[in-house]
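Read the structure below first, then the notes.
The values are calculated or read from the model by the stated rules, or taken from the named source; none is laboratory data. All of these numbers come straight from a predicted model, not from anything done at the bench. Cβ placement follows ideal geometry from the backbone for every residue including glycine, while neighbour counts extend to all protein chains displayed.
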Amino acid sequence: MKLLPPVPRASAAQARDATNGSAFLTPQSLADAAVRRILFYLPAPDMNVTTDQVFTKLGTFTNYILEGVTALNASVSMTTAAGGIYTGAAKSGIIITAASQTYAAANAVDSGLAIGIAATGRRVLSATPILSLTTPQGAPASFGHIVVIGCAFPL
(Lines give C-alpha, C1' and ligand atoms only; values in the text may rest on other atoms or scores of the structure.)
Protein backbone atom coordinates (compact mmCIF):
# COMPACT_ATOMS: atom_id res chain seq x y z
CA MET A 1 0.00 0.00 0.00
CA LYS A 2 1.38 3.39 -0.98
CA LEU A 3 1.43 5.93 1.83
CA LEU A 4 0.28 9.46 1.16
CA PRO A 5 2.74 12.30 1.73
CA PRO A 6 1.93 14.43 4.78
CA VAL A 7 0.38 17.86 4.33
CA PRO A 8 3.20 20.30 5.16
CA ARG A 9 2.89 22.40 8.28
CA ALA A 10 3.16 26.12 8.04
CA SER A 11 6.17 27.72 9.59
CA ALA A 12 5.63 30.60 12.01
CA ALA A 13 6.51 33.05 9.22
CA GLN A 14 4.09 31.39 6.78
CA ALA A 15 1.33 31.38 9.38
CA ARG A 16 1.68 35.16 9.74
CA ASP A 17 1.87 35.75 5.95
CA ALA A 18 -1.71 35.74 4.62
CA THR A 19 -0.43 36.09 1.04
CA ASN A 20 1.48 32.79 1.14
CA GLY A 21 -0.92 29.88 0.62
CA SER A 22 1.70 27.16 0.14
CA ALA A 23 1.00 25.50 3.49
CA PHE A 24 -2.78 25.96 3.61
CA LEU A 25 -5.28 23.17 3.20
CA THR A 26 -6.66 23.29 -0.31
CA PRO A 27 -9.30 21.15 -2.08
CA GLN A 28 -6.43 19.17 -3.60
CA SER A 29 -4.61 18.58 -0.31
CA LEU A 30 -7.91 17.61 1.31
CA ALA A 31 -8.60 15.10 -1.47
CA ASP A 32 -5.07 13.75 -1.14
CA ALA A 33 -5.60 13.35 2.61
CA ALA A 34 -8.54 11.01 1.95
CA VAL A 35 -11.27 13.18 3.48
CA ARG A 36 -14.76 11.69 3.68
CA ARG A 37 -16.93 13.12 0.88
CA ILE A 38 -19.46 12.29 -1.82
CA LEU A 39 -17.59 10.20 -4.38
CA PHE A 40 -20.38 9.21 -6.80
CA TYR A 41 -23.97 10.24 -7.42
CA LEU A 42 -26.85 8.91 -9.46
CA PRO A 43 -29.41 11.62 -10.27
CA ALA A 44 -33.05 10.54 -10.54
CA PRO A 45 -32.49 6.76 -10.67
CA ASP A 46 -35.44 4.96 -12.24
CA MET A 47 -36.68 2.49 -9.63
CA ASN A 48 -39.01 0.81 -12.12
CA VAL A 49 -36.35 -0.79 -14.37
CA THR A 50 -33.89 -3.64 -13.91
CA THR A 51 -31.31 -2.34 -16.37
CA ASP A 52 -27.93 -1.00 -15.23
CA GLN A 53 -27.77 2.62 -14.05
CA VAL A 54 -24.19 3.88 -13.78
CA PHE A 55 -23.20 6.41 -11.13
CA THR A 56 -21.30 9.61 -12.02
CA LYS A 57 -17.83 9.98 -10.48
CA LEU A 58 -17.07 13.27 -8.70
CA GLY A 59 -13.32 13.80 -8.98
CA THR A 60 -10.22 12.29 -10.51
CA PHE A 61 -9.34 9.71 -7.84
CA THR A 62 -8.47 6.10 -8.66
CA ASN A 63 -9.31 4.08 -5.56
CA TYR A 64 -11.80 4.58 -2.76
CA ILE A 65 -13.24 3.06 0.39
CA LEU A 66 -17.00 3.27 0.93
CA GLU A 67 -18.47 4.61 4.12
CA GLY A 68 -22.10 4.91 3.13
CA VAL A 69 -24.77 4.94 0.45
CA THR A 70 -27.82 7.18 0.83
CA ALA A 71 -30.97 7.49 -1.29
CA LEU A 72 -32.69 10.87 -1.09
CA ASN A 73 -36.18 12.18 -1.87
CA ALA A 74 -38.30 9.25 -3.04
CA SER A 75 -41.01 10.22 -5.53
CA VAL A 76 -43.38 7.58 -4.10
CA SER A 77 -43.35 5.01 -1.29
CA MET A 78 -40.91 2.36 -2.51
CA THR A 79 -42.99 -0.63 -1.49
CA THR A 80 -41.70 -3.12 -4.08
CA ALA A 81 -38.35 -1.97 -5.49
CA ALA A 82 -35.36 -4.10 -4.51
CA GLY A 83 -31.86 -4.49 -5.85
CA GLY A 84 -28.21 -3.87 -5.32
CA ILE A 85 -25.22 -1.79 -6.30
CA TYR A 86 -22.28 -3.53 -7.94
CA THR A 87 -18.91 -2.71 -9.48
CA GLY A 88 -19.67 -4.59 -12.71
CA ALA A 89 -22.38 -4.55 -15.37
CA ALA A 90 -25.34 -6.93 -15.21
CA LYS A 91 -25.05 -7.50 -11.44
CA SER A 92 -21.42 -8.63 -11.67
CA GLY A 93 -18.21 -7.61 -9.95
CA ILE A 94 -18.04 -6.79 -6.27
CA ILE A 95 -21.36 -6.50 -4.45
CA ILE A 96 -21.54 -3.09 -2.78
CA THR A 97 -25.15 -3.43 -1.57
CA ALA A 98 -27.08 -6.68 -1.61
CA ALA A 99 -29.38 -7.78 -4.43
CA SER A 100 -32.08 -8.19 -1.77
CA GLN A 101 -31.77 -4.55 -0.63
CA THR A 102 -35.26 -3.08 -0.29
CA TYR A 103 -36.17 0.59 -0.39
CA ALA A 104 -39.50 0.34 1.51
CA ALA A 105 -38.30 2.64 4.29
CA ALA A 106 -38.11 5.47 1.72
CA ASN A 107 -41.67 6.68 1.86
CA ALA A 108 -41.56 10.46 1.89
CA VAL A 109 -40.34 13.09 -0.51
CA ASP A 110 -38.06 14.72 2.06
CA SER A 111 -36.67 11.48 3.47
CA GLY A 112 -33.24 9.94 3.22
CA LEU A 113 -32.57 6.23 3.33
CA ALA A 114 -29.23 4.86 4.51
CA ILE A 115 -28.48 1.76 2.47
CA GLY A 116 -26.41 -0.97 4.08
CA ILE A 117 -23.05 -1.82 2.56
CA ALA A 118 -22.40 -5.53 2.01
CA ALA A 119 -19.35 -7.08 3.69
CA THR A 120 -17.78 -7.54 0.23
CA GLY A 121 -18.12 -3.79 -0.40
CA ARG A 122 -15.96 -2.88 2.60
CA ARG A 123 -12.60 -2.83 0.85
CA VAL A 124 -10.55 -0.64 -1.46
CA LEU A 125 -12.49 -0.33 -4.72
CA SER A 126 -11.71 1.31 -8.05
CA ALA A 127 -14.67 0.64 -10.37
CA THR A 128 -17.61 3.03 -10.76
CA PRO A 129 -20.73 1.73 -8.94
CA ILE A 130 -23.77 0.54 -10.89
CA LEU A 131 -27.34 0.31 -9.55
CA SER A 132 -29.15 -2.74 -10.87
CA LEU A 133 -32.54 -3.65 -9.43
CA THR A 134 -33.71 -7.24 -9.15
CA THR A 135 -37.35 -6.19 -8.61
CA PRO A 136 -38.79 -3.01 -10.13
CA GLN A 137 -41.31 -0.85 -8.26
CA GLY A 138 -44.11 -1.76 -10.70
CA ALA A 139 -45.06 1.87 -11.39
CA PRO A 140 -43.10 5.06 -12.16
CA ALA A 141 -40.79 5.78 -9.23
CA SER A 142 -37.45 7.48 -8.63
CA PHE A 143 -35.23 9.06 -6.03
CA GLY A 144 -33.90 12.59 -6.31
CA HIS A 145 -30.36 11.19 -5.97
CA ILE A 146 -28.46 8.23 -4.64
CA VAL A 147 -25.03 9.23 -3.32
CA VAL A 148 -22.00 7.15 -2.40
CA ILE A 149 -19.90 8.56 0.44
CA GLY A 150 -16.38 7.51 1.26
CA CYS A 151 -12.70 8.34 1.11
CA ALA A 152 -10.82 8.63 -2.18
CA PHE A 153 -7.16 7.73 -2.59
CA PRO A 154 -4.88 8.79 -5.45
CA LEU A 155 -3.11 5.40 -5.44
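Tell me, yes or no, whether the stretch 86-93 has at least one residue that is out of contact with any strand residue (DSSP E or B) (no Cβ under 6 Å at 6 or more places or on another chain) and more than 20 Å from Ala44 (Cα to Cα).
Yes - at least one qualifying residue is present in the stretch 86-93.
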Can you tell me which residue among Phe24, Phe40, Phe61, Phe55 is modelled with pLDDT under 90, of a type in the set (Phe, Trp, Tyr) and under 25 Å from Gly121 (Cβ atoms)?
Phe61
Within the stretch 49-74, which residues are surrounded by fewer than 17 Cβ atoms within 10 Å (Cβ to Cβ) and in a loop (DSSP other than H, G, I, E, B)?
Val49, Thr50, Thr51, Asp52, Leu58, Gly59, Thr60, Thr62
If you check every pair at least six apart or on different chains, which have Cβ atoms under 6 Å apart with a residue in the stretch 134-151 that is touching a residue at least 24 places away in the same chain (Cβ under 8 Å) and farther than 30 Å from Asn63 by Cβ first and a residue that is small (Gly, Ala, Ser) and buried (at least 20 other Cβ atoms within 10 Å of the Cβ) second?
Gln137/Ala81
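Would you list the strands (runs of 3 or more DSSP E) that sit entirely within the stretch 81-155 and hold 3 or more residues that are modelled with pLDDT of 95 or more and surrounded by 14 or more Cβ atoms within 10 Å (Cβ to Cβ)?
Details: elements: 82-88, 92-97, 112-115, 130-135, 143-153.
Result: 82-88, 92-97, 130-135.
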